[in-house]
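What follows is calculated from the coordinates using simple rules that are stated; it is not laboratory data. If you're wondering where the values come from, they're calculated on a predicted model, not measured in any experiment. In this analysis, Cβ positions are derived from the backbone assuming ideal geometry, glycine residues included, and neighbour counts consider all displayed protein chains.
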Amino acid sequence: MKQYLISAYILFLFSFGNVFSQVTSEQIHYGASSLSMAASDIALPKSSWSVFVNAAGLIEQGGLTFIASSHSQFGQDYLSHSLFGVQFNNFKYGSFGISLENSSVDYIDNNLVTETAIGFHQGISLRADRNSSFSIGYGLKSYTIDYGASAGPSGDGSDGINLGSLNAFGLNVSFLGSLGKRIRVGAKAFNINSPTLGNANLATRLPQRAQIGLAYSPYDLVWTTAALNKSIGHPTNFSSGFAYEVQQNMFLRAGMQTSPNRFSSGLEFYFKKISIAYGFITHPVLSLSHQLSIEVNR
């Protein structure tokens, strides 16, 4: 098991400086639980959001799960980001997930740009015994960007011309390992195939990013996390957080990150097979970002 973890860790460190490129837009907070821990949860056993956070965690999915989340970035209604996912386990073929993301920018009831990503994900177990486990995951995503209309004579886009849309496909890979029940390590590389939108001088590369993290449980009911996140053109981002089960069916989460310095927190409540989570994150200049998520298990 140690050889698996060491080999994967070296692989990600070796490729850390080679899998990034210029980004157009980028999301790193997938769901209120991730937002409230400042995206430091890549190794955390939160299998219900594995389809977005770490596909290798899909092997821990016990049944059918529906997840959805929505938030306005920095409290601005015209910067919306929505998520929807389905995760399921088939004992014959494995663990799978389907994801849908939508981001848009609106101005005076006119849509300026809409970004949509539809993904298919799978988690594959390579090793699992009494003391350790190791799994890998992948995600295939179809990206579509609709640029809406030009400003036009009025200048507000109401009488502009349609600027069309572009498509691209991306591949994500990830791994997740554990030693005992209290130490976990996870990593993920986004868009390793260097997808681009457009051609020649107008080509724009989609976000490429690498993330690696640790999760440790010093005692029951508590998880502490730490992660490194890197995108080209931006400084390396460090984040950390914790999750604490305050009482049965109620979780408190908090986190922080650097570059820029931000603080986050949130709560999650479980009602039988339904959970509702809320999280917020600060920004040194802009307003708070709030996110609300819901999870339904069957």
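Subtracting the Cα-Cα distance of residue 86 and residue 249 from 0.36 nm times their residue separation leaves 56.5 nm of extension gain.
If a spin label sat at a point 7 angstrom from the Cα of residue 203 along the line to its beta carbon, the backbone N atoms of the stretch 158-186 nearer than 18 Å would be those of 166-171. Comparing 161, 67, 183 in a Gaussian network model of the chain, where Cα atoms under 10 Å apart are tied by springs, the biggest mean-square fluctuation is seen for 161.
Between the entries (i) 19.3, 68; (ii) 21.2, 66; (iii) 19.6, 60, the label attached to Rg and Dmax of the Cα atoms in Å calculated for this structure is (i).
Sorted fewest first by neighbouring Cβ atoms within 10 angstrom, 30, 138 come out as 138, 30. The lysine pair count for the chain, using Cα distances under 23 Å and pairs eight or more places apart or on different chains, is 12. On the basis of the beta-carbon distance and an R0 of 41 Å, residue 150 and residue 236 show a calculated FRET efficiency of 0.65.
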